[in-house]
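Reading through the structure tokens given below for one structure.
The values are calculated or read from the model by the stated rules, or taken from the named source; none is laboratory data. Here the structure is a predicted model, which is why all the values come from computation and not from measurement. Backbone-built Cβ (ideal geometry, glycine too); neighbour counts: all protein chains shown.
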Amino acid sequence: MISGHGFAARLAGHGFDFFTGVPCSLIEDLIAVLERDSRPPYVAAVREDAAVGLAAGAWFGGRRPVVLMQNSGLGTSLNALASLSLMYGLPVLLVVTWRGFGGRDAPEHILTGEISPRLLELLAVPYRVLEADSLDADLAWAAAEMDARLSPVALLVPPRVIETGAVEAYGAPAAKASPLTAPRTAAMPLPPATMPRLTALGIALKAAGDDPVTHANGYICRESFSLADRPQSFYMIGSMGLAPAIGLGLALTQPTRRVIVFDGDGNLLMNLGILAMIAARHPANFVHLVFDNEVYGSTGNQASLSRGVRLDLLAAAAGFATAVAVTEPWALESALRAAWAADGPHFVLVKVTPEEADVPRIPYAPAVLRDRFRAAVLGG
């Protein structure tokens, strides 16, 4: 068997230096070791697709990331892998535990165990089945394939290949205490929005300067692009809900650079657990803007739950350093100046009108968006 310490050391030896994922008992010792070592961070994720987004941001920040997941989580992350990692060409090593291997496990794992290799084959993700005596060769293969293909690769980990029960569980590091700043009228309704999103985006882009910005998919990308196309902007085409996860991965790997997220209410509601992930890591360089028009604009203006739920109060409750809501241009400018002047993470809810500008689609291929953003992040 491979010990948790041995696996972690060999991962580091092959250049893997960023770890995230969702726990599984088959790799409990490996996770316990990674939790203890803060140099290559292990970031506990609330869902496997959020971990895939985090890994994308870490790769943009110059790291070689690993996502740990059970094979049931492979199903959870299918869309993120297909419309983010594979579409853009973002390397990541997926360490996928093989529950239901050989048809022997609890009932809920049997079908997933049977189809796990075929899921990877359908995605065209190269994979190997890990054995105790093949770890170094498999990790060398994984690193080489990731770099050559600019694509995810996977190691399927059957039971009894990695030692379990030898390392005491440690748990994620406690979040650093921070004061919460919320509007004094937090429990009161906000005034109706009068600011178009295009106006708000223009203010935010001007304030961002050369800072990297990850964009939620949909019209937020297209309107931002129409105002000021910039290599520091990463435009999401698919993977709804993952912009803040990408931003968090980037912020953690580039701590001296301010990282900004342009999000939407529908996107954030799809991945609310990311608020807790951000607050738990407490990245001082992270600013999360949510342009809330209370509708799903790309699909016909269906009502969003943000009509009755104050997203800024959720961020405050999660533990953001500040969480404010604005409805006017001058208030947005003031909120951004305050965020720039103090350590975060900061959350700014920007209430905007539902109108959408008549703007073209972004003309760049996914690989072009990937390459120019990473070059801007690492060369800036």
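Details
- Within the stretch 327-361, tally of residues that are part of a loop (DSSP other than H, G, I, E, B), of a type in the set (A, V, I, L, M, F, W, C) and surrounded by 20 or more Cβ atoms within 10 Å (Cβ to Cβ): 1
- Odd one out for L242, checked against (1) at pLDDT 95 or above; (2) out of contact with any Phe, Trp or Tyr (no Cβ under 9 Å at 6 or more places or on another chain); (3) under 21 Å from P65 (Cβ atoms); (4) not charged (D, E, K, R): (1)
- Of the residues in the stretch 298-309, at least one is part of a helix (DSSP H, G or I), in the same structural domain as G238 (by TED's automatic domain parsing), among the hydroxyl-bearing types (S, T, Y) and touching a residue at least 60 places away in the same chain (Cβ under 8 Å).
- Inspection of the stretch 256-271 finds no residue satisfying the criterion of being in a helix (DSSP H, G or I) and touching a residue at least 60 places away in the same chain (Cβ under 8 Å).
- Only residues that are assigned to a helix (DSSP H, G or I), touching a Gly at 6+ places or on another chain (Cβ under 7 Å) and not aliphatic (A, V, I, L, M) were counted in the stretch 233-255, giving 3.
- Looking only at the stretch 262-274, and only at residues there that are closer than 15 Å to A50 by Cα and among the hydrophobic types (A, V, I, L, M, F, W, C), the one that is surrounded by the most Cβ atoms within 10 Å (Cβ to Cβ): I274
Per-residue answers, yes or no, for (1) in contact with a strand residue (DSSP E or B) (Cβ under 8 Å, 6 or more places away or on another chain); (2) at pLDDT 95 or above; (3) assigned by TED's automatic domain parsing to the domain that holds L81:
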{"residue": "P191", "(1), (2), (3)": "no, no, no"}
{"residue": "A204", "(1), (2), (3)": "yes, yes, no"}
{"residue": "T214", "(1), (2), (3)": "yes, yes, no"}
{"residue": "E223", "(1), (2), (3)": "no, yes, no"}
{"residue": "L227", "(1), (2), (3)": "no, yes, no"}
{"residue": "D265", "(1), (2), (3)": "yes, no, no"}
{"residue": "N271", "(1), (2), (3)": "no, no, no"}
{"residue": "A276", "(1), (2), (3)": "no, yes, no"}
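- Scanning the stretch 79-113 for residues that are surrounded by 24 or more Cβ atoms within 10 Å (Cβ to Cβ) and of a type in the set (S, T, N, Q) turns up S85, T97.
- Restricting the stretch 1-22 to residues that are under 18 Å from R160 (Cβ atoms) and assigned to a loop (DSSP other than H, G, I, E, B), the residue that is modelled with the lowest pLDDT is M1.
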